[in-house]
Amino acid sequence: MKVLVTGGAGYIGSHTVLSLLENNYEVIVYDSLVNSSIESLNRVEKLTGKKVEFIEGDICDKDKLSEVFEQFTIGAVIHFAALKAVGESAKIPLSYYQNNVYGTVCLLEVMEHNNVHDFIFSSSATVYGEENDVPYVETMKLGTPSSPYGASKVMVERVLNDLALSDSNFRGVSLRYFNPIGAHESGQIGEDPKGIPNNLLPYVAQVAVGKREKLSIFGDDYPTQDGSCERDYLHVMDLAQGHVAALDWLNRHNDFTGVEAFNLGTGNGVSVFAIVKAFEKAIDKTIPFEVSPRRAGDLPAFWANATKANEQLNWHAERNLTQMMSDTWRWQSSNPNGYLA
Ligand SMILES: NC(=O)c1ccc[n+]([C@@H]2O[C@H](COP(=O)([O-])OP(=O)(O)OC[C@H]3O[C@@H](n4cnc5c(N)ncnc54)[C@H](O)[C@@H]3O)[C@@H](O)[C@H]2O)c1
């Protein structure tokens, strides 16, 4: 089966492409490279010994997307392509809604036109907003995220629900990721943020290789065990395998139509201080840090109830925190400048 992967050159996308190839899916990547490098896919090809079709293009370009659907017989779409920086989204909200919401609508229109109905969407724990109690469960109502980025994910989930109500052929899966970290165990592919990293682990790793002076920990006075924020960190390869599990689930359930949401997380909250300690242990080095004021919109703690994915997708996060740290370090230390080295 041929799977179209939008945003497949990016962090989660490249790891998922690798897992798909290892599970004998054929992959076509469609990516504008706005936040990634083609080198990630060259490395995936080397690691798997398999070919990845790559088309450089924007999901907002319906003509180009249509050409792809005409050229290949596509069985399913996994849709990663999005802008993802929470802080930036408050500065340029229109770009985020254009790219993440309008872009997804363009993709869905082209899919509909070409009779492709199977769709896996990169959603996020952020859709639970500030209203819901932890742990988050899929039966909770969609919340009100504090950023335009988060709002764009809620909007797309609504679009998918409405589409499913109007089109009895549509088969959608929203995968709500918690906090993916780590890298492929080879150290050949990993997270390569452009500019200053927005996420904790790439920042810690860049401090460790001497690219940045020290880490800022935003707030140590939250109502958590050690005062820092707690998140549900999961290994990116577990997350990648969650996509294969979701695709297999769609393929097993021929009679399914509609949209189903699944949390992909470990079910455990880990604090920022605990992450820093675990990383220091993995690399046997101290990470200099300072405590800075809280960031607007950061919730104290959230983690997943992952029972639904465990039971229905047969998926569990298998890799532990030590593996997440050592794989991050293998990637960062052998590629201090990311893919551009
Ligand atoms: N990384 C996380 O912590 C996290 C958490 C929850 C959800 N997500 C979602 O998962 C998806 C992948 O995230 P990631 O961390 O791999 O990010 P990433 O930036 O590494 O990957 C996104 C990819 O999409 C591409 N892209 C962006 N806009 C595009 C467009 N208009 N047309 C074509 N390609 C485009 C980028 O070039 C990049 O390769 C995103 O939808 C993100 O919102 C990520």
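The values are calculated or read from the model by the stated rules, or taken from the named source; none is laboratory data. The shown structure was predicted, so the numbers you read here are calculated from the model rather than taken from an experiment. All Cβ positions, glycine included, derive from the backbone under ideal geometry; neighbour counts span all protein chains shown. Accessible surface is based on the protein model in full, side chains and every heavy atom, while ligands, DNA and RNA are left aside. Shrake-Rupley method; radii C 1.70, N 1.55, O 1.52, S 1.80 Å.
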* To do: Scan E56, E39, E67 and give me the residue that is among the acidic types (D, E), in contact with a helix residue (DSSP H, G or I) (Cβ under 7 Å, 6 or more places away or on another chain) and modelled with pLDDT of 95 or more.
  => E39
* To do: Assess whether H79 counts as being over 20 Å from D118 (Cα atoms), in the same structural domain as P148 (by TED's automatic domain parsing) and open to solvent by less than 30 Å² (accessible area, probe 1.4 Å).
  => no
* Which number in (1) outside any loop (DSSP other than H, G, I, E, B); (2) within 19 Å of D220 (Cα to Cα); (3) open to solvent by 70 Å² or more (accessible area, probe 1.4 Å) marks the one condition that R294 misses? -> (1)
* Lone qualifier among L201, L175 - being crowded, with 17+ Cβ neighbours inside 10 Å, modelled with pLDDT of 95 or more and either within 13 Å of the ligand (Cβ to nearest atom) or assigned by TED's automatic domain parsing to the domain that holds E290 (or both) -> L175
* Asked: Pick from segment 25-35 the residues that are open to solvent by 20 Å² or more (accessible area, probe 1.4 Å) and of a type outside the set (F, W, Y): which of them is farthest from the ligand (Cβ to nearest atom)?
  -> E26
* **Pair list, Cβ under 8 Å, 6 or more apart: segment 16-35 residue at positive phi, other residue of a type outside the set (S, T, Y) and in a loop (DSSP other than H, G, I, E, B)** => L33/A9
* Give me a count of the residues in segment 25-53 that are in a loop (DSSP other than H, G, I, E, B), farther than 16 Å from N99 by Cβ and among the polar types (S, T, N, Q). => 1
* Asked: List, please: which pairs have Cβ atoms under 7 Å, are six or more places apart or on different chains, and start with a residue in segment 69-93 that is of a type in the set (G, A, S) and within 13 Å of the ligand (Cβ to nearest atom) and end with one that is open to solvent by 30 Å² or more (accessible area, probe 1.4 Å) and at pLDDT below 95?
  -> A85/N198
* To do: Take segment 1-24 and flag every residue that is open to solvent by 10 Å² or more (accessible area, probe 1.4 Å), more than 13 Å from the ligand (Cβ to nearest atom) and assigned to a helix (DSSP H, G or I).
  => E22
* Looking at G267, is it within 20 Å of I12 (Cα to Cα) and buried (at least 23 other Cβ atoms within 10 Å of the Cβ)? -> no
* Could you tell me whether D58 is charged (D, E, K, R), near the ligand (Cβ under 9 Å from one of its atoms) and in contact with a Lys or Arg (Cβ under 9 Å, 6 or more places away or on another chain)? => yes
* To do: Looking at (1) of a type in the set (S, T, N, Q); (2) surrounded by 23 or more Cβ atoms within 10 Å (Cβ to Cβ); (3) farther than 27 Å from V244 by Cβ, find the lone condition where Q98 falls short.
  => (2)
* Among the residues of segment 45-52, is there at least one that is more than 6 Å from the ligand (Cβ to nearest atom), open to solvent by less than 60 Å² (accessible area, probe 1.4 Å) and out of contact with any helix residue (DSSP H, G or I) (no Cβ under 8 Å at 6 or more places or on another chain)? -> yes
* Structure fact -> Quick count over segment 97-124, residues being farther than 25 Å from Y136 by Cβ and of a type in the set (F, W, Y), is 1
